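What follows is a short report on a single structure.
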Amino acid sequence: MTKGAFAAHIGVSAGRISQYIAEGKIYGDALEGDGRSAKIRPAIARQQLQKTLEPSQRFGANGAAVLKPSAVQPNLQLAPSDAASAPPPRLTFTDDVADQLAAERLRQQQITTARLEREEALEVGRYMRTDDARRQTVRAVSEAFKVMEQGIPEMAKAIAAQFGVPTHDATHALLKVFRDIRAKKAASFRTSADEQPEHIEDEQP
């Protein structure tokens, strides 16, 4: 059957038949010959169109006749070779895959935003590196102890004058007590510093 005759047979234009062939909706054993002179095997072509056309095309004005069985043509089953020549199904993204991709993009954007905010806060002095904070704290405490130790001779003179004891003895006693206290506090401070977390939750907006 010619393309024009088959087009009239199913109620569409001849150009539509050529379009079906170009799109792979009529293929394989439904075609006899090649090119513009190819002829159509109507029974096989009708079965292929029932599978390859979209529902809206099958039920549309141009394709309504495709679904109606021919009174003179038997309902032929496709041979295994027909099924093998069918075009492969198209791969499409499901909604779940699209949602997963969108969620991953959002997570990456959040990570990047958080990193940029931390870098900005570090530059303006709102954040401080843990090692830098520990070094500065140790330096400040050491300076405080040094100032207090330098004041012990003056305190010893005052105690010696008030209680009538030698200045040397008063100085020796004060230094001993002070250094014992300093050693205990230094050990306590090291323990407290080691227990501090590397990161502290920022409660500021």
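The values are calculated or read from the model by the stated rules, or taken from the named source; none is laboratory data. These numbers were taken from a predicted model, which means no experiment stands behind them. Cβ sites come from the backbone with ideal geometry, for glycine too, and all protein chains shown count toward neighbours.
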Which of the helices (runs of 4 or more DSSP H) found entirely inside segment 88-199 contain at least 1 residues meeting this: surrounded by 10 or more Cβ atoms within 10 Å (Cβ to Cβ), at pLDDT 75 or above and over 42 Å from the mean Cα position of the chain (by Cα)? 130-150, 152-163, 167-195
Test Ser81 against the stated conditions and say whether it is at pLDDT below 60, closer than 30 Å to Gly28 by Cα, surrounded by 12 or more Cβ atoms within 10 Å (Cβ to Cβ) and not aliphatic (A, V, I, L, M). no
Across segment 4-27, what is the number of residues that are outside any loop (DSSP other than H, G, I, E, B), surrounded by fewer than 18 Cβ atoms within 10 Å (Cβ to Cβ) and within 51 Å of the chain's Cα centre (by Cα)? 7
Leading residue by the ranking (modelled with the lowest pLDDT) among those in segment 28-42 that are surrounded by 15 or more Cβ atoms within 10 Å (Cβ to Cβ) and part of a loop (DSSP other than H, G, I, E, B): Ala38
